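Input: a single structure, listed below in structure tokens.
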């Protein structure tokens with residue numbers, strides 16, 4: 001399974017674009033640079049089927065099925081209903097050897113493909129954390145800049161308020177002087 005396919009499977013319904021049903025780009029923006037990386041063994045039909053088969057080896061269904069099959073095999077040969085593989089069960093040993101000869105490389109293939117996917121995800125997640133940190137620093141710098149501007153505006157407002165107070169006092173003084181001059185100039 002390719003990284004892109006796996007990411008698309010992880011994308012939930014909230015990540016879908018209602019227009020086209022595809023996941024939004026914001027979900028994949030950190031994984032996009034790694035889409036060109038294919039799995040070591042390819043993304044063709046064989047690689048995908050081999051990986052699925054290798055994953056099946058570790059399931060309870062396989063283990064229980066194999067246990068039942070081996071038990072029936074042994075019972076049929078010990079009881080004597082059939083004699084195609086008598087004790088020491090050489091044919092059964094040969095079947096296990098054949099299974100192990102195919103299972104080991106398939107399991108290694110699945111692990112290698114998963115390690116490649118994990119590495120791509122780790123790189124993308126690290127890039128995401130780095131971008132979040134950078135965005136946080138930018139927001140902090142912007143907040144500091146805005147705080148500086150606000151402090152400067154408060155200082156200017158204080159200066160303007162003081163100037164208005166001085167001008168108001170000066171106008172009041174001049175108004176009193178004009179009133180006193182007008183009263184003094186009036187004939188009695």
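Just so it is clear, none of the values below were taken in a lab; they were calculated from the coordinates. If you're wondering where the values come from, they're calculated on a predicted model, not measured in any experiment. Quick reminder, even Gly has a Cβ in these numbers, built from the backbone with ideal geometry, and neighbours come from all protein chains shown.
The table for this structure:
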item: Sorted by Cβ density within 10 Å, fewest first, the residues 70, 182; result: 182, 70
item: Per-residue Cβ neighbour rank within 10 angstrom, fewest leading, 81, 73; result: 81, 73
item: Potential extension, residue 143-residue 102 segment - 0.36 nm per residue separation minus Cα distance; result: 8.6 nm
item: Residues 176, 113 arranged by fewest to most Cβ contacts within 10 Å; result: 176, 113
